[in-house]
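A quick write-up on the structure given underneath.
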Amino acid sequence: GGMAALLLLLLLAAAGAGPGRADAERERRDALQEELLLSPLPTGDVAATFQFRTRWDADLQRGSVSHYRLFPKALGRLVAALGVRELHLALTQGFWRTRYWGQPPLQAPAGAELWVWFQPTVTDVDKAWKELSNILSGIFCASLNFIDSTNTVIPTASFKPLGLANGTDHHLLRYAVLPREVVCTENLTPWKKLLPCGSKAGLAVLLKAERLFHSSYHSQAVHIRPICRDASCLAVSWELRQTLTVVFDFFSSGQGKKDWSLFKMFSRTLTDSCPLASQSKVYVDISPKNKEKELLEVSPAPTSVHEAVVQGDKKTYAVYDLLSPSLFNTSRSLNVQLKWKRPQDSSEMPIPTLHAQRYVGGYGLQTGEICTLIYNTHPYRAFPVILLETVPWYLRLYVHTLTIITKGKENKPSYIHYQPAQDRRRPHLLEMLIQLPANSVTKITIQFERALLKWTEYPPDPNHGFYVGSSVLSALVPSVTAMKDMDVEQSPLFTSLFPSSDGSSYFVRLYTEPLLVNLPTPDFSMPYNVICLTCTVVAVCYGSFYNLLTRTFHVEEPSRGGLAKRLANVIRKFRGVPPL
């Protein structure tokens, strides 16, 4: 009885409003917002962008946080231990075709991309960077451990912090791309496990691997940054955004070109929201796609319709609020369907204001040329763009051959930063600020020479070629449509990742195609051929010669017949015939 009374007292003390409970309440100030944006693309494909935003009112840098509720503990402890101020990781399969699909909500280069800002308190940034890439490699089951000094650069003008920043000392920034990285289900599974509801409830139910990877483009990303806790910005909150973008091509999968539904895309429908989410919405872009300005038809009827200017274009969104009680009244599941009234004419396809392409020129295996074409299709506004080029050390750039031509005239960059490569130690880094005149094409060319590698430095499939990472274009693009003050609560979440400086322009970061360059490759089958030929010659010549030297010859007396003759005589004797 005494033990029971003591236990009851302890339970009452634990349940009382003590300092421990106050700490728990304080640590619980976190919120999860989830959204799915469905965008019909001009070509008839459909882009689905998932975004899960976890905001936590806690100071991770002090290391005093011990209780994690929504924020993943693996990432929280990583940020605290290594002094990370901002972290952006993207794993992408495929290439976003900006010219045909328009500006993406969040673009990433093919392969794996990692860029990180460290705190000023970090003394050895290179050591922290190496440790960070190894830990992330383990968390996401990716080959990020191959990031080393040969593919890491320190940009001076690109990749400014997206969150709060006291200063922008670029020596605290590291950027690396692995264009050869292949993304598959082993990378998606740990990404899903970081979600507060996993893939058991809410929008994450749609994340079925066999459907996501049966697509033209797949990109998953993790963004961690510090943000203001409130308008006064006296305290810091931490924000984690997990984004996933997929482009489905229904024409190639034989399901008809235009009409689509959630079930057609994901083989599943939505039944509820994540219980931990404070906001759970599905946005469908029903903006007019033809001259008649007719909105696209979606069913069932949306909860509300929201208009916003996103990336310089006026968009109309049908919004389905999964937390609205009326949404699941009529049916147990939500299967959003869209039907096109008439097919879109290819001549009506909108051309993005800024897009680019890149290719390798030249012939032979000694010299070559990297060509980049940047298009500004704005009818009357010129604007500057920052171009970042990272080229591996085994392509020896000749900087004196750099030419920038716009409308037949030389275009001198207003800022240029070049860091030459060191063999087997660091890549080339070229950054330029180029002014793009209105309605123009700017061609940038630079010549290079291919280096000869040591025979141990070639990959197992050297004739496949060597990858050169994508160029990065960063620009404030002038808006064609006047941008009004948006209702941030109603607009899709991705609009708040890149804050706009003013209403007349919006920030865009674009990536060109990665390049595949052939290097002079030795014939690795030659040693095998030599070994086979040598062994054959030795076996035939030496074997015959040795046989002649060691053989002994004997004169054989004529015998009375062999076994066959004796056998024949026995048979003849039985038949009564005289022997042979």
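The values are calculated or read from the model by the stated rules, or taken from the named source; none is laboratory data. No experiment lies behind these values; they were computed from the predicted model shown. In this analysis, Cβ positions are derived from the backbone assuming ideal geometry, glycine residues included, and neighbour counts consider all displayed protein chains. Only protein heavy atoms, including side chains, enter the accessible area calculation; ligands, DNA and RNA are left aside. Shrake-Rupley method; radii C 1.70, N 1.55, O 1.52, S 1.80 Å.
On the given criteria, is Asn151 without any contact (Cβ under 8 Å) to a residue 40 or more places away in the chain and open to solvent by 30 Å² or more (accessible area, probe 1.4 Å)? Taking the combined requirement at face value, the residue does not satisfy it.
Val177 meets the conditions (1) in contact with a helix residue (DSSP H, G or I) (Cβ under 6 Å, 6 or more places away or on another chain); (2) open to solvent by less than 40 Å² (accessible area, probe 1.4 Å); (3) of a type outside the set (Ser, Thr, Tyr); (4) not in a loop (DSSP other than H, G, I, E, B) in every case but one. The failed one is (1).
Here Pro413 meets the list (1) more than 16 Å from Leu473 (Cβ to Cβ); (2) surrounded by 16 or more Cβ atoms within 10 Å (Cβ to Cβ); (3) touching a Leu at 6+ places or on another chain (Cβ under 6 Å) almost entirely, failing just condition (1).
I'm checking my understanding of the structure. Among residues of the stretch 416-462 that are among the hydrophobic types (A, V, I, L, M, F, W, C) and not in a strand (DSSP E or B), which one is least open to solvent (accessible area, probe 1.4 Å)? Give the steps one after another, and end with the answer.
From the stretch 416-462, those among the hydrophobic types (A, V, I, L, M, F, W, C) are 416, 421, 429-430, 432-434, 436, 438, 441, 444, 446, 448, 451-453, 455; that's our starting set.
Remaining after also requiring not in a strand (DSSP E or B): 421, 438, 451-453, 455.
Working: Ala421: 27, Ala438: 23, Ala451: 1, Leu452: 133, Leu453: 23, Trp455: 186 Å².
Across the stretch 416-462, the extreme among qualifying residues is Ala451.
Of the residues examined, Gly111 is one that is surrounded by 16 or more Cβ atoms within 10 Å (Cβ to Cβ) and assigned by the TED database to the domain that holds Leu37. Count of the stretch 530-572 residues, restricted to those that are closer than 30 Å to Phe466 by Cβ and either outside any helix (DSSP H, G or I) or open to solvent by 70 Å² or more (accessible area, probe 1.4 Å) (or both), is 2. Sub-8 Å Cβ pairs linking a first residue in the stretch 411-440 that is more than 26 Å from Pro352 (Cβ to Cβ) and in contact (Cβ under 8 Å) with a residue 60 or more places away in the chain to a second residue that is of a type in the set (D, E, K, R) and assigned to a strand (DSSP E or B), at least 6 apart or interchain, are His417/Glu431; Gln419/Arg426; Leu429/Glu389, ordered by first then second residue. For Ala48, are the conditions met, namely being under 24 Å from Ala318 (Cα atoms) and of a type in the set (A, V, I, L, M)? In short, yes.
Of all residues in the stretch 361-390 being hydroxyl-bearing (Ser, Thr, Tyr), in contact (Cβ under 8 Å) with a residue 12 or more places away in the chain and in a loop (DSSP other than H, G, I, E, B), which is least open to solvent (accessible area, probe 1.4 Å)?
Of the residues in the stretch 361-390, the ones hydroxyl-bearing (Ser, Thr, Tyr) are 363, 367, 372, 375, 377, 380, 390.
Narrowing further to those that are in contact (Cβ under 8 Å) with a residue 12 or more places away in the chain: 367, 372, 375, 377, 380, 390.
Add one more test, that the residue is in a loop (DSSP other than H, G, I, E, B), and what stays is 377, 380.
Working: Thr377: 50, Tyr380: 157 Å².
Step by step, filter the stretch 361-390, then rank; the result is Thr377.
Per the conditions (1) outside any loop (DSSP other than H, G, I, E, B); (2) over 30 Å from Ile351 (Cβ atoms), the sole criterion not satisfied by Thr123 is (1). Of the set (1) more than 24 Å from Leu354 (Cβ to Cβ); (2) open to solvent by 30 Å² or more (accessible area, probe 1.4 Å), all apply to Tyr100 but (1).
Identify, from the list Phe118, Phe140, Phe95, the residue that is open to solvent by 10 Å² or more (accessible area, probe 1.4 Å) and either aromatic (Phe, Trp, Tyr) or on the phi < 0 side of the Ramachandran plot (or both).
Numbers: Phe118 fails: open to solvent by 10 Å² or more (accessible area, probe 1.4 Å); Phe140 fails: open to solvent by 10 Å² or more (accessible area, probe 1.4 Å).
Result of the check over Phe118, Phe140, Phe95: Phe95.
Scan the stretch 32-48 for residues that are in a strand (DSSP E or B) and either open to solvent by 10 Å² or more (accessible area, probe 1.4 Å) or more than 23 Å from Arg69 (Cβ to Cβ) (or both) and the total you get is 9. Among the conditions (1) surrounded by fewer than 15 Cβ atoms within 10 Å (Cβ to Cβ); (2) at pLDDT 85 or above, the only one that Ala14 does not satisfy is (2). In the set (1) farther than 30 Å from Pro350 by Cα; (2) open to solvent by less than 30 Å² (accessible area, probe 1.4 Å); (3) modelled with pLDDT under 90, Ala80 fails one condition alone, (2). Within the stretch 295-312, residues that are in the same structural domain as Lys281 (by the TED database) reach partners that are among the basic types (Lys, Arg) and in a strand (DSSP E or B) with beta carbons closer than 8 Å, at six or more positions or on different chains, in the pairs Leu296/Lys339; Glu297/Lys339; Ser299/Lys339; Glu307/Lys314; Glu307/Lys315; Ala308/Lys314; Ala308/Lys315; Val309/Lys315. For the stretch 263-284, the candidate set comprises residues that are part of a loop (DSSP other than H, G, I, E, B) and aliphatic (A, V, I, L, M); within that set, the residue that is least open to solvent (accessible area, probe 1.4 Å) is Ala277. Tallying residues that are over 18 Å from the mean Cα position of the chain (by Cα) and among the charged types (D, E, K, R) within the stretch 138-192 yields 3. From the list Ser470, Ser474, the lone residue that is in a loop (DSSP other than H, G, I, E, B) and either at pLDDT below 90 or not hydrophobic (A, V, I, L, M, F, W, C) (or both) is Ser470.
In the stretch 183-233, how many are assigned to a helix (DSSP H, G or I), touching a Phe, Trp or Tyr at 6+ places or on another chain (Cβ under 9 Å) and among the β-branched types (Val, Ile, Thr)? Residues meeting the conditions: 2. Residues that are open to solvent by 40 Å² or more (accessible area, probe 1.4 Å) and modelled with pLDDT of 75 or more within the stretch 322-334 comprise Leu323, Pro325, Ser326, Arg332, Ser333, listed in sequence order. On the stretch given as the stretch 391-410, residues that are out of contact with any Leu (no Cβ under 9 Å at 6 or more places or on another chain) and assigned to a strand (DSSP E or B) total 9.
So in the stretch 205-219, with the set limited to residues that are of a type in the set (A, V, I, L, M, F, W, C) and surrounded by fewer than 21 Cβ atoms within 10 Å (Cβ to Cβ), which one is nearest to Leu32 (Cα to Cα)?
Going residue by residue through the stretch 205-219, those that are of a type in the set (A, V, I, L, M, F, W, C) are 205-207, 209, 212-213.
Next, from what is left, pick out any that are surrounded by fewer than 21 Cβ atoms within 10 Å (Cβ to Cβ): 205, 209, 213.
Numbers: Val205: 16, Ala209: 23, Phe213: 26 Å.
Across the stretch 205-219, the extreme among qualifying residues is Val205.
Each residue in the stretch 193-204 was checked for being closer than 19 Å to Leu37 by Cβ and either surrounded by fewer than 19 Cβ atoms within 10 Å (Cβ to Cβ) or of a type in the set (Ser, Thr, Tyr) (or both), and 1 pass.
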